[in-house]
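The structure under discussion appears below in the form of C-alpha cells.
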Amino acid sequence: MEKPSKIAPAKGKLGVLLPGLGAVSTTFMAGVELVRKGKAQPVGSLTQMGTIRLGKRTDARSPLIKKFVPLAELKDLTFGGWDIFKDNAYQSAANAGVLNPQDLEKVKPFLSTIKPMKAAFDHDFVKMIDGPNIKKGKSKYELALKIKEDIANFRKTSRVSRMVTCWCGSTESFVKPEAVHSTPEKLVEAMKSDHPAIAPSMLYAWASITSGVPYANGAPNLSVDIPALQTLAHDHNVPICGKDFKTGQTLMKTILAPGFKARMLGLDGWFSTNILGNRDGEVLEDPGSFKTKEESKLSVLEYILQPKLYPQLYGKLFHKVRINYYPPRGDNKEGWDNIDIFGWLGYPMQIKVDFLCRDSILAAPIVLDLVLFLDLAQRAGMRGIQEWLSFYFKSPMTAPGLYPEHDLFIQSMKLKNTLRWMKGEELITHLGQEYYD
Ligand SMILES: NC(=O)c1ccc[n+]([C@@H]2O[C@H](COP(=O)([O-])OP(=O)(O)OC[C@H]3O[C@@H](n4cnc5c(N)ncnc54)[C@H](O)[C@@H]3O)[C@@H](O)[C@H]2O)c1
C-alpha cells in the first residue's frame, strides 16, 4: 500500500466498544480512569510511555510515540460493551478481583455507569458459562443486525466521532475456517441459516466492520481471522488485527526463544504449565475452548525456531502446553516453564522459569495500545490486516500464505518502522556504517 500522505487529526471523542466486560476489559477501563485522574502510571503501554528514535543515533531525536503520531488522548476515550451477565463494570471488576478494593473505590462512580448491552451468545461456543443478559433473534444474522443497532446507538448517545471494537469476550470453541467463511455473501447466508461454524465473535466483527469500526481480537478464536471479514474490512476501509493478546507465558517464550536461536543454542524440549483461577481459566476447562488456546500457544516456537532450517538444533523439540483451572489463584496466574537446551558439543542444560504474573495487568495496556493504534491506522487510510500490530498477539494475523513473525524484537522493530513510514521518516535498519565513514 502507498504511504499515507496525511493522517487525519484525532478530533472529538473515541468510543471503545468491548464485547466481554470481564477481567481484562474492566482492568483496562479502570486503569485508563486512574491514569486520567493522575492516580497511576500507564505502565506496559507503548503508546503512553514509549519513545521512538528518529534519524541517526547522533541526532538525539527520541520523541514520545504519542507526540510523534497523532493518537487519541486518554481524556477523549468513552467506553461501552456487551456481556452475558448484567453486572456493571464496577461489579464485574470487583468479581474479577484483579485490582485491590482501594483502587477500585477510586473509580467506582465511573465504572458503575458502564452497563453491558445484551450479548449475542451461543452456549455451544462457550460451554462453561451461561448468563441472563442475552439478545434474542430468529437467526444469527438478526443478532448481528442488533449489534449494528447497538453500535449506531452508542455513536449517537455518547457523541463519539470514531470508534474501535476490541473483543475481550471468553475464548470460544475451536472452529476451522471453512467455505462459509470464505466470502461476505457466504458469511451472510450462513448467518441467516444459523450455520454451526458461525461464532458470536464473528457477529460482533461483522457488525463492527460493516459499521466502519476497526476491530481487534484479543482471544484465540477465529473471529475476524476469516477471508470473508478480511474482504469486508478492505471494502469498508477498516483496519483489523488479532489474535490472542500476547501476555504471560507466551510473552516470555517470544522473548527467550529468539535469544536461544540468535546464539545457535539447541532445544530438546519446552514444557509449559499454568495454574489460574479466573473466569478465563474456568472457560478453558472445556476441551473445545482449550484446543483454541493450545493451537495459539503452540505455534510460536515453530515459527521462531524454524526447525526446517535448523534440524540439528530444533528438529526434535518436544513442546507441550498445559493450563490448569485452580480457583484459589484467581487472576494471579503462575506459569512454569522447563526448558531443556543444549550447547557446544550437545551438552545439555536446563532453564526454569517461574512467572508469577497477573494476566489482566499484562493485557490491559495491550487493549489500550490496540485501540489507539487501530484508530490511528484508520485515520491514516490503512485498512485490512494490520500486521505491524503482531507485537501484541500470540497468533498474529497475516496475509494469506505469509508466515507470521513471532519474535518480539522483530515485531517491535516492525511496529516502530511502520510509525516512521506513516510519518515519512527514514526507516531504521541498525546498519550504522555511516558512523565509521
Ligand atoms: N492476559 C490475559 O488476560 C489474556 C491474554 C490473552 C488472551 N486473553 C483472552 O481475553 C479474553 C478475556 O479474558 P478475561 O480474563 O477478561 O476473561 P473473563 O472471563 O474475565 O471475561 C470474558 C467475559 O466475556 C463474556 N462473554 C462471553 N461470551 C460473550 C459474548 N458472546 N458476548 C459478550 N460477552 C461475552 C463473559 O461473560 C465474561 O464476562 C479471553 O478470551 C482470554 O482468553 C486474555
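Throughout, read-outs are computed from the coordinates displayed, never taken from laboratory work. Treat the numbers as computed from the prediction; the structure is a model and nothing was measured. Cβ: placed from backbone, ideal geometry, glycine included. Neighbour counts: every protein chain shown.
Annotations for the structure displayed:
- A DSSP coil position with no more than 12 other Cβ atoms inside 10 Å describes the following trypsin sites (Lys or Arg not before Pro) in the stretch 294-390: Lys308, Lys316.
- Ranked by the mean number of other Cβ atoms within 10 Å of their residues, highest first, the peptides 204-211, 48-55, 7-14 come out as 204-211, 48-55, 7-14.
- Taking all pairs of distinct alpha-carbon atoms in the stretch 160-272, Kirkwood radius in angstrom: 15.8
- Residues whose amide H falls under 5 Å from that of Gly269, counting only those 5 or more places apart or on a different chain, are Phe318, Asp340, with hydrogens built in the peptide plane.
- Candidates Thr58, Thr254, Thr273: whichever shows maximal mean-square fluctuation once the chain is modelled as a Gaussian network with Cα springs under 10 Å: Thr58
- Table column - 3J(HN,Hα) (Hz), the stretch 60-66, Karplus curve with 6.51, -1.76, 1.60, x for Gly and Pro: 6, 10, 9, x, 5, 4, 6
- Per-selection Kirkwood Rh - the stretch 249-356 (Cα, Å, 1 d.p.): 14.6
- A convex hull fitted around the alpha carbon atoms of the chain yields 151 Å³ per residue.
- The relative contact order of the chain, computed from alpha carbon pairs under 8 Å that lie at least 6 residues apart in sequence, is 20 percent.
- Within the shell of other residues whose beta carbon sits under 9 angstrom from the beta carbon of Trp82, the net charge comes to 0, with Lys and Arg scored +1 and Asp and Glu -1.
- Listed residue pairs exceeding 19 Å between alpha carbons, taken from Lys115/Lys135; Lys316/Lys414; Lys297/Lys333; Lys86/Lys156; Lys138/Lys192; Lys320/Lys352: Lys316/Lys414; Lys86/Lys156
- Pro214 sits among other residues whose Cβ lies under 12 Å from its own Cβ, and their net charge, with Lys and Arg +1 and Asp and Glu -1, is +2.
- Around Thr398: net Lys/Arg minus Asp/Glu count, Cβ-Cβ under 10 Å: -3
- Working note: Karplus 6.51/-1.76/1.60 with θ = phi - 60° gives the stretch 256-263 the couplings 6, 4, x, x, 4, 5, 4, 9 Hz, where Gly and Pro are set to x.
- Relative contact order (%) - criterion: Cα under 8 Å, at least six apart; region: the stretch 249-356: 41
- Exposure proxy order (Cβ contacts within 10 Å, fewest to most) of Lys37, Lys192: Lys37, Lys192
- Comparing Gly81, Gly381, Ile361 along the charge dipole axis of the chain, the residue lying farthest to the positive side is Gly381, per the Cβ-charge model.
- Calculated log₁₀ intensity ratio I(q)/I(0) where the Debye formula runs over C-alpha points of the stretch 98-159, q = 0.28 Å⁻¹: -1.12
- Estimated [θ] at 222 nm from DSSP helical runs (n ≥ 4, -39500 (n - 2.57)) normalised by residues in the chain, nearest 500: -11500 deg cm²/dmol
- Of all DSSP bridge pairs formed entirely within the stretch 249-356, close to 70 percent run antiparallel.
- Taking His406, His319 and counting other C-beta atoms within 10 Å, the order from fewest to most: His319, His406
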